[in-house]
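Report on the following structure.
The values are calculated or read from the model by the stated rules, or taken from the named source; none is laboratory data. If you're wondering where the values come from, they're calculated on a predicted model, not measured in any experiment. When we count neighbours, we look across all protein chains shown, and the Cβ atoms used for this are built from the backbone with ideal geometry, even at glycine.
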Amino acid sequence: MGLYYFARCELDTERRLLKVAEISQDVEPLVFDLLAFLLDRGDTVVSRDELIAKLWNDRVVSDSAISVRINAARKAVGDNGKDQAIIKTVHRKGFKLVVPVTRVSAKLTKLNDGGVYASSLNSDGLEFVNPDENIPVPGSFEKTITTVLNQLPRTAPQDNKPSLFIMPFKNNSDDPGQDYMAKGITDNIIIALTRFQELFVFAYKTSAASEGVIDTPASAYKQLGVNYVVEGSIQRSPDRIRISASLVDARENRHLWAQNYDRKLDDFIIIQDEIAELIVSSLIDTVEKTDGQRAHKSSNAQLATYDLVLKGRVLLNEYTQEGELAARECFQNAIDLDLNYAPAYAGMAVSFVHECFETWCKDPEQTNAMAYKFACKAVKLDDTNIMGLYALAEVFSLRGEHERAVIEIDRAIEHNPNDYHNVCAKGEYLTLSGQFQAGMQCSLDAMSTNPLAADNCLKVIGIGEFLSGNFDQALVAFSKVKRDSLFKLGSIAACYARLDRSVEATRVCKDFFTLAEETDTEIESWKEHWSRTCLFRDPDDQKKILSGMQKAGIPVNIEN
């Protein structure tokens with residue numbers, strides 16, 4: 001019994017709680033027990049007879065009753081009977097989990113009235129400490145990472161600022177190919193709203209990560225504690241566009257206003273600023289008024305240029321070679337139409353940054369140089385362009401110039417303090433430069449802004465704790481990363497190895513080798529790629545992580 005982490009899910013048997021992508025799920029008790037039983041058995045096939053004995057106490061149960069519970073369990077964790085990506089039916093034998101499972105028996109206990117927490121380690125995992133014992137708190141903060149991750153705020157900061165969440169705008173056009181425009185409008189309204197310091201606006205990645213999880217203002221209030229929600233949709237015809245937007249008081253589920261904009265297609269860039277102004281005027285009695293500078297700097301750009309950039313941004317988020325190259329083509333076409341359009345150069349820069357991190361990158365040095373060239377151009381044209389500043393910071397980090405990376409990312413954060421992505425990136429740069437405590441704190445700050453997209457921050461926290469010698473805390477952080485990767489599995493194995501838990505280390509190594517085989521990845525080439533893209537100021541820091549993997553049983557060459 002304890003905490004189980006698998007796929008994008010967390011199951012806590014003590015609190016009888018299931019979370020998917022950090023969102024609590026309502027689960028029938030019998031379905032919860034079924035999931036817990038499967039998780040406890042790991043990758044072992046569980047027969048129908050075993051399920052009946054465990055869940056129904058050997059009563060007579062029909063096959064259909066079992067199938068109903070299995071289907072409900074799949075649905076609860078985001079799986080289905082067709083894909084069977086998490087719970088697989090083994091013909092004539094039963095059922096089994098087909099994803100790696102990490103078990104951590106973790107709880108938290110107050111050590112004193114000041115609210116300080118600690119955890120201790122035994123052969124079963126992380127457990128309560130005795131609150132009466134005077135045990136020093138492990139980890140880098142007053143609260144251990146176990147505590148922080150479990151008590152991380154899921155609500156907007158309570159600093160008297162109205163908090164606002166933009167739900168992804170819906171595409172009501174007949175053409176699904178216009179989805180990119182709906183996503184682009186969502187993004188740009190968020191950017192427009194962040195100019196108002198009187199508001200706390202959730203970052204775009206929070207909005208993007210919420211799809212399928214937060215679908216109503218009430219659920220936004222429940223999951224994020226946000227005060228107000230903006231809903232909207234677009235409908236595009238050949239020469240016109242209709243944008244519908246409404247502002248909802250999420251606490252009372254009450255509409256404050258709704259507006260339809262039916263305009264010529266070449267007017268819709270300006271509409272986004274009008275929507276932002278309406279939102280602010282509805283929330284704040286006095287808003288600082290500025291002159292024409294308030295208009296979006298790209299508002300005079302031709303629609304075709306803007307349209308190409310929107311398409312390119314969506315393609316960037318596919319994180320595939322085909323997507324990056326297609327995005328690059330969109331950005332280049334936009335530049336051909338308008339040589340002074342900063343967002344197009346910024347998009348081009350980010351596409352080359354993405355390539356630097358991919359195994360298909362043939363010439364990392366040249367690719368970095370291209371990213372630098374386009375990022376500099378974007379920032380020269382518009383020194384407030386957040387995407388361009390981010391790309392510039394990444395270029396410096398990939399060169400090992402982490403101080404310069406922090407300077408550039410701080411400029412981006414200054415223009416949009418609510419952008420989770422950039423705050424998270426700063427945490428990474430600080431950690432790579434050896435400032436582990438500052439890097440981990442920055443990552444925790446980012447997670448408080450966007451609780452729905454925490455993987456990169458958790459990796460940074462895991463690295464910081466590991467290199468600080470807090471292997472139990474590193475294990476918790478790495479285990480909460482939702483997306484499986486060779487680095488995640490290798491790091492978990494390294495934590496187990498440093499904790500002298502050889503049985504668990506061997507099990508995770510098996511998962512590591514399976515994933516390497518499934519992705520057709522040679523371990524040494526992966527190690528070289530990771531070493532190049534995760535450049536520590538102190539080479540010994542990199543060796544510490546690799547030596548942990550080596551001790552666990554992963555054959556990595558530490559010297560090269």
(message) It is to be established whether one or more residues within the range 406-424 are at pLDDT 90 or above, aliphatic (A, V, I, L, M) and under 30 Å from Asn557 (Cα atoms).
(response) no
(request) For the range 477-506, name all the residues that are surrounded by 18 or more Cβ atoms within 10 Å (Cβ to Cβ), under 24 Å from Gly78 (Cβ atoms) and free of Cβ contacts under 8 Å to residues at least 40 places away in the same chain. (result) Phe478, Val481, Lys488
(message) Conditions first: (1) at pLDDT below 75; (2) within 30 Å of Phe478 (Cβ to Cβ); (3) part of a loop (DSSP other than H, G, I, E, B); (4) out of contact with any Pro (no Cβ under 8 Å at 6 or more places or on another chain). Pro168 passes all but one, so which condition is the exception?
(response) (1)
(message) Within the range 39-50, does at least one residue satisfy the condition of being under 28 Å from Leu515 (Cα atoms), free of Cβ contacts under 8 Å to residues at least 40 places away in the same chain, surrounded by 15 or more Cβ atoms within 10 Å (Cβ to Cβ) and within 26 Å of the chain's Cα centre (by Cα)?
(response) no
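A quick yes/no check of all residues on (1) at pLDDT 65 or above; (2) surrounded by 13 or more Cβ atoms within 10 Å (Cβ to Cβ); (3) among the polar types (S, T, N, Q); (4) in a helix (DSSP H, G or I):
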position: Arg263; (1), (2), (3), (4): yes, yes, no, no
position: Glu274; (1), (2), (3), (4): no, yes, no, yes
position: Ala301; (1), (2), (3), (4): no, yes, no, no
position: Asp307; (1), (2), (3), (4): yes, yes, no, yes
position: Leu315; (1), (2), (3), (4): yes, yes, no, yes
position: Glu322; (1), (2), (3), (4): yes, no, no, yes
position: Arg328; (1), (2), (3), (4): yes, yes, no, yes
(request) For Tyr429, work out the one condition from (1) farther than 27 Å from Lys527 by Cβ; (2) without any contact (Cβ under 8 Å) to a residue 60 or more places away in the chain; (3) in contact with an Asp or Glu (Cβ under 9 Å, 6 or more places away or on another chain) it doesn't fulfil. (result) (1)
(message) Just to check your reading of the model, which residue among Tyr390, Tyr372 is touching a helix residue (DSSP H, G or I) at 6+ places or on another chain (Cβ under 6 Å), within 27 Å of Leu444 (Cβ to Cβ) and in contact (Cβ under 8 Å) with a residue 12 or more places away in the chain?
(response) Tyr390
(message) Based on this model, can you work out whether Phe37 counts as more than 24 Å from Ala454 (Cα to Cα), in contact with a Ser or Thr (Cβ under 9 Å, 6 or more places away or on another chain) and modelled with pLDDT of 85 or more?
(response) no
(message) When you check Ala474 against the structure, is it outside the structural domain of Leu499 (by TED's automatic domain parsing), touching a Gly at 6+ places or on another chain (Cβ under 6 Å) and assigned to a helix (DSSP H, G or I), yes or no?
(response) yes
